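K.L.:
Dropping a structure here in structure tokens format, bear with me for questions.
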Amino acid sequence: MPSLIGSYSLLFGLGCSFLIIFFSIKNFKNSNLFDSKILSFSLLQLLFVVISFFGLILSFVISDFSNETVFNHSHTTKPLFYKISGAWGNHEGSLLLWLLVLTLFISIFLLNTKNQLKDYRILTLLFQQVIIIGFFIFIIKTSNPFNYIYPEPKEGLGLNPILQDPALAIHPPILYLGYVGSSIIFSSALAAMTLNWVSKEWAKHIKKWILVSWIFLTLGILLGSIWAYYELGWGGFWFWDPVENVSLMPWIALTTLFHCVLVLEKKPILTSWVIILSITTFTLSMCGTFLVRSGILNSVHTFANDPERGVFILIFLFSLIFLALFIFFFFYKPDNVKINSFFWLSKETAILVNNWFMMYFLSVILIGTIYPIFLDVISSEKISVGPPFYHKLIIPFLIPFLLAMAIGPKLNWIKSDLRNKFYLFSFLIISLILSSLIIINLKIDFLVNTILISSGFYLFFITTRDFFVHKFQNLAQNISHFGFSLFILSVLFNNIFSSEIITNLKVGETFKSKDVIIFFEKVTKKKGQNYETIIGKFNIVDSENIKQTLIPELRIYNQPNIVTSEADIKINLLSDKFMTMNLVQNQNYFNIRYQHKPFMIWIWASVSIISFGGLISLFKKKHEV
Amino acid sequence: MKNIKLILVFIFLCFLNINQSLANEKNLIFKITKNLRCLVCQGQSVHDSDSEFANSLKIVVQKKIDEGMSENEIYEFLKIKFGDWILYDPGLNKKTYILWLLPILLFLIGGAIIIKFFKINKIK
């Protein structure tokens, strides 16, 4: 029954789209006032999508297996929480979530822009409706979450156990808020172009939307990484996997766009570039959906393969890009009357440099992600592009990037000089000395590391100084940049100082090395709601004589029948201890993997700090100087 | 400034405490297997995987190290056996010129655009 309601309200929702378009066009031509009918229909559409979404959740909760999606992804013994999160843990449901966020955002947009130009609001709504209709048709035609199965099966197939996890339950909604937020930026940029309103006022207004999507995208990526860290049992948090890259690319584009909009807010330069970035950001979000959903990518996260869907998204994506380019070339007339020239040493230049590097990072990731597909298609040769490629191309460029990030915000708009800025230089020396000391002391002979750590420290010191000297001035920017320096430093030290032991142990055996003693005390068996678990108990004594007990688990899920390895992590301010155990076939010993991972918590904290900076900026009344 | 000095000292002390266990030879097998794709898994390296394929490959790599093969020789050996697909590091060869050089080219073009931007501004 909930499925039936959900299914029909999807159709009604689509119907609303046509009504909205009809009234919008009528209103656009005839009146000077915004027709309140349009807003009502938008809210009605949102209501229908919400009903449809709750219909799906309800089907999951009551385990209605006559619904194909529920049958494929749920099971009666699954805990309630994962029944609910299972609703968007699959292809069909996640698209419905996309649609929900799309309609939600456009409603908020309409409610929030009462003071803006009528034509601008209507045009943004129209462009957004084009996207919404595309998604409606996509869902109804190729991935309807409410398909019937007759006769009704008694039991479902269950949800992949690695997806039965709290972090992964909220990861997709948060990430989608970021992805879909970029659709508003896209529609709004098209509307502003058509009306030739790409101005300071527009920049000020769209900056909020950019920030909202940016914060959600940052948090979404963070949650995904945390999940990968503890659930996949390998102790890493980023593997440059195509699906991870696909979420990082819109993030980079958004970050670049945000910095650009800061310039546009001050004076009308870089207008075309801002427009191009707005379009790029949304295109990359859509590409993300396409690459993941079409099954082209070979990845852990891919859980739907269907060429028909891929073709649909591809056609849809190209029509949107075509629409954007059409407007860009035929409607948009940037007035290049007054180009305010600025001196080479100025904040504008610093932002240009930021854009330059960001675009480079983006191109590395983009090319690294799609080149293997491209090569496979034209020459059917398969190559892998993995972490070494990205590290080699990105790390050296991070050095000047970090330096620019420290110095840039210190410069004035239009023209600036470096008098009274002696500390900029002295801090550089301090950072260099400090990192050389660390490197020499710990005997790591790697030149790039030294320089990279120095530049990380440099940014760290400069931003820390600002907290004391400038207090609340430019606080948001300073927090984010500080977070980034902390992030780079934690990742670096984590990389350099991580250590790992892999060994086979039987119950009662002890492993000894000069750093650590691992004693395998016992195993116990327990029963969870939809799995059985084998819990190992390990006593660990590290080199500082600190004793700790780690209890990694092996879970055997009933449906689908999959064994997962649950890591046990002891989190500490300075380092994490991470342990997993695995069955070895036909053997009475377990494969034990023990990792010492310094600064893990600092990586998570620093990313939170980065997005917190965004949050401050969002709620600040006065804009940055 | 005083605060910063304190923080400096603090951070430095923190680092002195980290016990490091970086014996290069021991980590060679980790380093190599991290650069190999587990062919039966989805998006995992041989090092991170516990599949039978990964485990047998770890043994093979260890054997080759014991035989005295260098890192690159082991990669070459595996490349002949399993194809380029197994290596996460696509070396620079005629198949990957575009992959490696296009981003750098774009970077240079970006720089050129910025410089040009200033020249135009100067004239006006």
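The values are calculated or read from the model by the stated rules, or taken from the named source; none is laboratory data. These figures come from a predicted structure and were not determined experimentally. In this analysis, Cβ positions are derived from the backbone assuming ideal geometry, glycine residues included, and neighbour counts consider all displayed protein chains. Heads up: the accessible areas ignore ligands, DNA and RNA and are worked out on the full protein's heavy atoms, side chains in. Shrake-Rupley method; radii C 1.70, N 1.55, O 1.52, S 1.80 Å.
K.L.:
In segment A:510-554, what count of residues is obtained for those that are within 21 Å of residue A:233 (Cβ to Cβ), outside any strand (DSSP E or B) and either among the β-branched types (Val, Ile, Thr) or not assigned by TED's automatic domain parsing to the domain that holds residue A:592 (or both)?
P.N.:
1
K.L.:
Something else about it: Counting only residues that are in contact (Cβ under 8 Å) with a residue 40 or more places away in the chain and open to solvent by 40 Å² or more (accessible area, probe 1.4 Å), which one in segment A:543-561 is farthest from residue A:157 (Cα to Cα)?
P.N.:
So, considering only residues that are in contact (Cβ under 8 Å) with a residue 40 or more places away in the chain and open to solvent by 40 Å² or more (accessible area, probe 1.4 Å), the one farthest from residue A:157 (Cα to Cα) is A:555.
Conditions (1) at pLDDT below 85; (2) surrounded by fewer than 20 Cβ atoms within 10 Å (Cβ to Cβ); (3) over 28 Å from the mean Cα position of the chain (by Cα); (4) farther than 30 Å from residue A:429 by Cβ, marked per residue:
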| site | (1), (2), (3), (4) |
| --- | --- |
| A:445 | yes, yes, yes, no |
| A:455 | no, no, no, no |
| A:480 | no, no, no, no |
| A:496 | yes, yes, no, no |
| A:503 | no, yes, yes, yes |
| A:508 | no, yes, yes, yes |
| A:515 | yes, yes, yes, yes |
| A:527 | no, yes, yes, yes |
| A:541 | no, yes, yes, yes |
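K.L.:
With the requirement that a residue be β-branched (Val, Ile, Thr) and either outside the structural domain of residue A:534 (by TED's automatic domain parsing) or open to solvent by 30 Å² or more (accessible area, probe 1.4 Å) (or both), what does segment A:562-579 give you?
P.N.:
Within segment A:562-579, A:562, A:563, A:569, A:571 qualify.
K.L.:
Sticking with this one: Taking only segment A:13-25 into account, find how many residues are among the aromatic types (Phe, Trp, Tyr), over 12 Å from residue A:42 (Cα atoms) and in contact (Cβ under 8 Å) with a residue 12 or more places away in the chain.
P.N.:
0
K.L.:
Just to check your reading of the model, which residue among A:393, A:375 is facing chain B (nearest Cβ under 7 Å), touching a Gly at 6+ places or on another chain (Cβ under 9 Å), on the phi < 0 side of the Ramachandran plot and buried (at least 19 other Cβ atoms within 10 Å of the Cβ)?
P.N.:
Answer to the check: A:393.
K.L.:
Among the residues of segment A:346-361, is any open to solvent by 70 Å² or more (accessible area, probe 1.4 Å), facing chain B (nearest Cβ under 10 Å), at pLDDT below 90 and out of contact with any Pro (no Cβ under 8 Å at 6 or more places or on another chain)?
P.N.:
no
K.L.:
List pairs: first in segment B:64-93 and away from chain A (no Cβ under 14 Å), second among the hydroxyl-bearing types (Ser, Thr, Tyr) and open to solvent by less than 50 Å² (accessible area, probe 1.4 Å), Cβ under 7 Å, 6+ apart or cross-chain?
P.N.:
So the pair list comes out empty.
K.L.:
What do you reckon, is residue A:179 open to solvent by less than 20 Å² (accessible area, probe 1.4 Å) and touching a residue at least 12 places away in the same chain (Cβ under 8 Å)?
P.N.:
yes
K.L.:
Can you pull out the residues in segment A:231-276 that are acidic (Asp, Glu) and within 11 Å of chain B (Cβ to nearest Cβ)?
P.N.:
If the condition is that a residue be acidic (Asp, Glu) and within 11 Å of chain B (Cβ to nearest Cβ), then A:241, A:244 are the ones that fit.
K.L.:
From the residues in segment B:94-105 that are surrounded by 18 or more Cβ atoms within 10 Å (Cβ to Cβ) and modelled with pLDDT of 90 or more, which one is farthest from the other protein chains (Cβ to nearest Cβ)?
P.N.:
Among those residues, the one meeting the criterion is B:100.
K.L.:
Residue under question is residue A:509, and the condition is that it be away from chain B (no Cβ under 14 Å) and under 26 Å from residue B:58 (Cα atoms); does it hold?
P.N.:
When the stated conditions are applied, residue A:509 passes them.
K.L.:
Also, I was wondering about something else. Of these, B:54, B:112, which one is open to solvent by less than 40 Å² (accessible area, probe 1.4 Å) and assigned to a helix (DSSP H, G or I)?
P.N.:
B:54 is the lone residue from the list that is open to solvent by less than 40 Å² (accessible area, probe 1.4 Å) and assigned to a helix (DSSP H, G or I).
K.L.:
Within segment B:35-46, work out how many residues are surrounded by 19 or more Cβ atoms within 10 Å (Cβ to Cβ) and more than 8 Å from chain A (Cβ to nearest Cβ).
P.N.:
Of the residues in that region, 3 qualify.
K.L.:
For segment B:109-117, indicate whether the set of residues that are more than 11 Å from chain A (Cβ to nearest Cβ) and modelled with pLDDT under 90 is non-empty.
P.N.:
The answer is yes, given that some residue of segment B:109-117 is more than 11 Å from chain A (Cβ to nearest Cβ) and modelled with pLDDT under 90.
K.L.:
How many residues, within segment A:457-470, are away from chain B (no Cβ under 13 Å) and modelled with pLDDT under 85?
P.N.:
1
K.L.:
Within the group A:398, A:418, which residue is more than 10 Å from chain B (Cβ to nearest Cβ) and modelled with pLDDT of 90 or more?
P.N.:
A:398
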